[in-house]
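See structure below.
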There are 2 protein chains.
Amino acid sequence: MRRIQIYDTTLRDGAQAEGISFSLQDKLLLTERLDGMGFDYIEGGYPGSNEKDFQYFQRVGQLDLRRAKVCAFGMTRRAGAKVGKDRGLKMLLDCGASVITLVGKASAFQTAEVLRIDRRENLAMISESIGLLVEAGREVIFDAEHFFDGWKHEPDYAFEAALAAAEAGAKLIVLCDTNGGTMPEQIARITAAAVDRLPVPVGIHCHNDCELAVANTLAAVDAGAIQVHGTINGFGERCGNADLISVMANLALKRQGYEVLDSEQTAHLTELSRFVYEMVNMNFRTHQPFVGKSAFAHKGGMHVSGVARNTASYEHINPKLVGNERRVLLSELSGHANIKALTSRLSIPPDGKLMDDILAKVVSMESAGYQFEAADGSFDLLVRKCTGTFRPHFERLSYHVNVSTAVDGKIVTEATVKIRVGGSIRHEVAEGDGPVNALDAAMRKVLNGYFPSLEKLHLVDYKVRIINSEAATAAGTRVVIESQDEDDVWGTVGVSENIIEASWIALIDSFEYKLCKDEERPPL
Amino acid sequence: MRRIQIYDTTLRDGAQAEGISFSLQDKLLLTERLDGMGFDYIEGGYPGSNEKDFQYFQRVGQLDLRRAKVCAFGMTRRAGAKVGKDRGLKMLLDCGASVITLVGKASAFQTAEVLRIDRRENLAMISESIGLLVEAGREVIFDAEHFFDGWKHEPDYAFEAALAAAEAGAKLIVLCDTNGGTMPEQIARITAAAVDRLPVPVGIHCHNDCELAVANTLAAVDAGAIQVHGTINGFGERCGNADLISVMANLALKRQGYEVLDSEQTAHLTELSRFVYEMVNMNFRTHQPFVGKSAFAHKGGMHVSGVARNTASYEHINPKLVGNERRVLLSELSGHANIKALTSRLSIPPDGKLMDDILAKVVSMESAGYQFEAADGSFDLLVRKCTGTFRPHFERLSYHVNVSTAVDGKIVTEATVKIRVGGSIRHEVAEGDGPVNALDAAMRKVLNGYFPSLEKLHLVDYKVRIINSEAATAAGTRVVIESQDEDDVWGTVGVSENIIEASWIALIDSFEYKLCKDEERPPL
C-alpha cells in the first residue's frame, strides 16, 4: 500500500473561483474540519496578498490540530531583486507558517514570454528564494507552475527548474497543469519522467479545463506522484481544480494499492462536501459524483427492481461508504417496487394495504401533474397522511394576493392570510417582492410566535414548470420549492392551474414538513 | 485521420435525469439543431415507454435532416416469450425509425442475479430480437449493458453476448459502463480486447459516477472505439452521462488524429450547450469545461496581464474555437460572441456604432438578469429599439392582479389593465386560471379590435427561473414565454423581482414582436 498525501487548497486556489470567498472565521473552521478528516496539508492562504490571510496564519497556530500541516502560499522573489529584501518572502517568514508552498515558473516559454526575463535569472529566483526559506527552518514545497506545458515545449528547462528547487532544499516538487489543458496520457508520461529524474518526491496539481482533472490526478498517482492537490467540490478559477472529493473517493474505494483517508473518514465525504457548499453559500451540485443528491438515485421500474434485488446491480459502490444514500425517484413508471424502496427509509410498517394506499395516492397525484422526484418533503407528508399520523399544525381559511402597478411603474405586492392555529384565528398582512415572498412573509407573521424553529427555515430555490405546455398560461402549473434549515435540504411540490395556488401548496408543505421533522427530533 | 461518429442520447438517456423533460416540440427542435451541427446519430426516444416518444417518431420523419440518423431505443424481447409477439419490439417496428438501438445484458452476473434467467436464454433474447429487426430492414446498434462490469466478472460471457448481437446482424456494439464505476485503464484494456475479438466496430457509452466519463470515453476511442455516446451538458441519471460537449471539444481540438465535427461547427458548441440548458429550464453551469461562462475567465493581476501579453500563457485553447470568449472578471463583458451571432441573423447594417450600442444595451440587461439565448423575440425588439425603428403599438398605464381564495378553497383570479392605444385609453378587466392567463385575457380585450392578427397568437410555454437562488422568493425572477402563430415560434423574456411583472414584460414583448413582424410581412 502506497500512502498518498492529501493537500487541500480550497482556501487559496479554491477562493480564486468567481463568487467564492471565505471569512477569517470560515477559514479557521474549515481548517479544523479538514484536519479532523485526516488531511495531510492545508494551504490556508497567501499572506502576501491580503491582510485576512496574514491574520489567518497568526490565528491558526492557536488551533490544536491533530495531523495536518498548514501551508502558506507565496511566490519566488521578484526578478532582479535581492532575495533578502523581497517583501513577499519576508511576509512568508513573518506569518509564522512552518510549511511554505512557493510557486515559480517551470517553463521556458513562460519565462521568456510572460515574465520576460533571462532564463538563468528564473532559475536563480527559484533557488535563492527556496534557499532563504529553508535556511530559516521552513519546510518548502515547490509548485512548478506550467510544468506540463513547459515540458511539452522544452523538457530540459522544465526539469532544470524543478531540479533547482529540489537542490535548494524543497522537500517535494508539485507538477502543475496550470492551464488544465494536458491529456491523461501526457500527464502519465511526463510525471513518470519527472519521478524518475528528480531527487525528491513529486505531487500533482490539476485543473479541470478539459473535464479531465480527476483522471489526470489519478494518472499522475499511478505514475508515481505521492501527493495530490485539489479543492473540496472542485472549486477554483475557470473550470475549477481537481475535486478532492472525487479524487479521494476514487483512490480509497476504486483503486488498489493506495492508502488515503481511513474508511471511517471516507464515510464523511458527503457531509464535508455539503459543509463547504454551505460555508460559501452555494447550492449543492445535485449530480456531483459520489456525494450529490442524485449520485445514487434510481428511476424507472427495471432499475428499481434490479437495485432491490441486488444493490451491486446498479451501483458502483455502496453509497454509505462515502456517507451518501440511495434514493428512489418516483416517476410515471412508479410501481410497488419504487414505493417500497422509498418508504423503507421512513420507519413505517411493511403493510400491504398501506403500500396500496400510498401507491394509489401517488398515482392519482401524478396524473394530476405532481412529481415527487425532487419533493421528498411532500412525499414524506403524503406517507404520514396515508398512515394517519399527520396532524396539521395550522389550517388555511383564506388568502389574498394583490399585485398592482401605477403609471410610474412602481409595483406593490401585498398578501393577506387568514389561518386557524393553536385554537385561534389569525389574520395577517405583509408586503413582499413578489407574491410568494409576500405570502411567506404573512405566514411567518402568523406562525413565528407558535413555532420559533421556523426562523431556521429558508427557501433556497423556486422552480416553475408548465405541465401541459400546449395551453401555456391556462395549463397546469407545477411549482417546486427547495428549502433548508441547519440540518437538511428538502423539496416540496404544488400543482394547480393557478401559479399562486401551486406556490402556496408547495410553501405550506415546506412549513409542515419542517414542523413534523422537528417534533420527531430526540430532545437534546 | 480516424472519423469518430457522434451519437447523442440527450433525448433518451439525458431525459432520465431528475428534473429534465422535453416536450414533443422540444424534441423535434433539438433533433434539427443536432443535425445542423453534423451529429451522426440522434437517439430520439423510447417509443415503447410512452406515447410522446412514439409520436416523436411519427413526426421526425417529416423533418428534412441533412445528415443525422434518428434512432429509436428499445429492449430485447422478454424472457421466455416469442420474439414475434413481443409488444416492445412491435412498437419499435411500428414507430418507423430506420435505426434501432437495442439494449441487452452483457453480464453473466446481471443475467443471473437481476434478470434471474438462464444465461443461454439471455443470448437467445439478444440474437432473436436483433434478427427480427434486421430482417425487417432496420439498422441495429446493440447497447451491451454492463459490458465492462460483466467483463471484469466473466469476460467470456460478456464477449459472447456482444458476439451474439454482431452475428445476428447488429452493425455496431456499444460497450456500456452502465454503473459508471470503471477506471480509465480498465476501459482501455477491455475496449482494446473487444475491438480485437469482435467482427463489427464498437462504440462507447460512459457514465460519470467517478467523474471519469470524459476520460473513459477518450480512452475507449484511443483503444479503437469508433462511436461515442453521450449527452449535451452531460445530462443523465445519477451523475450523468459523458458530456458530449467536452468529448467533442477534446477530440476535435486537444487530440491528434481524430475527425469529429468540422471546425465551423465546433465553434457553435457554446451556443448548443446554452440552447439545451434553456430548453430544459436549467441554469448554465458557470464552470463547465470549454463552454461555461467562467471557462476562460481570468482573475488576479498576474493572470490578466499574462493573458494580455500572450493568450497562450493562461489559456489551453483559444476560446473562439468553441464559440466561447475570454472574460476578465470585474467586467460585465459577456456575450460578445452571442451578440454577433444573434445580430448576424437579422438584416441590420454592419455599423460599428450600432453594434456598440446593442452590445452596451445587452451587457446592461444581462447584468440585470436577462438572457437572450431563448428570447429571439425580445432580442429583435431590442435591436429595433437601438436602430430607432421601434414604434410601440400600445402603452401601459397600469395593471392590477388579484388572486383570492375563500374558505371553500375556490380561487378567483382577476386582472385589470389600463392601456393607451390608437389615441384612446382603454380599461378592461378579465378573469383567468392564473395571473398570466388573466393578464393575457384582459390585454386581448383591449387589443383585439385594433389588431385582429393577435387571434393567431398563442402562448405555448412559460418558464420561470430564480436568478439569484441564494434568496429564493425575494430574488430576481426571469420569465421566458414561448409563443407561436401560424408561421413562427419565438421566445420573449422578462426580469423583475416580481414574478408578475417579469411575466408582464415577457407577455408584452410577445405581443409587440408579433405586431412588428406582421407589419413587415409583404401583402399577399
Practice prompt. Mind counting the residues in segment A:17-40 that are more than 20 Å from residue A:243 (Cβ to Cβ) and either open to solvent by less than 40 Å² (accessible area, probe 1.4 Å) or in a strand (DSSP E or B) (or both)?
Written response: 2
Item to complete: Run residue A:450 past the list (1) open to solvent by less than 40 Å² (accessible area, probe 1.4 Å); (2) assigned to a loop (DSSP other than H, G, I, E, B) and report the number of the one that doesn't hold.
Response: (1)
Worksheet entry | Unique residue being open to solvent by less than 20 Å² (accessible area, probe 1.4 Å), touching a helix residue (DSSP H, G or I) at 6+ places or on another chain (Cβ under 6 Å) and more than 10 Å from chain A (Cβ to nearest Cβ) when the list is B:260, B:174, B:221 | B:260
Worksheet item: Which of (1) open to solvent by 50 Å² or more (accessible area, probe 1.4 Å); (2) in a strand (DSSP E or B); (3) among the acidic types (Asp, Glu) is the odd one out, the single condition residue B:43 does not satisfy?
Response: (1)
Discussion item. Considering only residues that are among the acidic types (Asp, Glu) and over 20 Å from residue B:316 (Cβ atoms), which ones fall in segment A:152-175?
Written reply: A:156, A:160, A:167
Worksheet item: Inside segment B:399-414, can you point out the residues that are buried (at least 16 other Cβ atoms within 10 Å of the Cβ) and at the interface with chain A (Cβ under 9 Å from one of its Cβ atoms)?
Response: B:399, B:400, B:401, B:402, B:403, B:404, B:405, B:411, B:413
Practice prompt. Mind listing just one residue for me: the one in segment B:377-413 that is in contact (Cβ under 8 Å) with a residue 40 or more places away in the chain and among the basic types (Lys, Arg) and, of those, farthest from residue B:435 (Cα to Cα)?
Written response: B:384
Discussion item. Which condition from (1) in contact (Cβ under 8 Å) with a residue 60 or more places away in the chain; (2) open to solvent by less than 60 Å² (accessible area, probe 1.4 Å); (3) within 19 Å of residue A:138 (Cα to Cα) is the one that residue A:14 breaks?
Written reply: (3)
Practice prompt. With the condition kept exactly as written, say whether any residue in segment A:326-333 is modelled with pLDDT of 80 or more and open to solvent by 50 Å² or more (accessible area, probe 1.4 Å).
Written response: yes
Worksheet item: Restricting attention to segment B:200-216, does a residue exist that is over 29 Å from the mean Cα position of the chain (by Cα), away from every other protein chain (no Cβ under 14 Å) and of a type outside the set (Ser, Thr, Tyr)?
Response: yes
Worksheet item: All but one of (1) buried (at least 16 other Cβ atoms within 10 Å of the Cβ); (2) in a helix (DSSP H, G or I) hold for residue A:100; which doesn't?
Response: (2)
Worksheet item: When you go through B:497, B:482, B:486 one by one, which is the residue that is open to solvent by 20 Å² or more (accessible area, probe 1.4 Å) and more than 9 Å from chain A (Cβ to nearest Cβ)?
Response: B:486
Worksheet item: residue A:43 versus (1) more than 19 Å from residue A:10 (Cα to Cα); (2) at pLDDT 95 or above: which is the lone unmet condition?
Response: (1)
Worksheet item: How many residues does segment B:224-257 hold that are within 12 Å of chain A (Cβ to nearest Cβ) and either touching a Lys or Arg at 6+ places or on another chain (Cβ under 6 Å) or part of a loop (DSSP other than H, G, I, E, B) (or both)?
Response: 9
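The values are calculated or read from the model by the stated rules, or taken from the named source; none is laboratory data. Given the structure is predicted, the values throughout are model-derived calculations rather than measurements. Here Cβ is always computed from backbone atoms with ideal geometry, including for glycine, and neighbour counts include all displayed protein chains. For the accessible areas, the whole protein counts, side chains as well, though only heavy atoms, and no ligand, DNA or RNA atoms are used. Shrake-Rupley method; radii C 1.70, N 1.55, O 1.52, S 1.80 Å.
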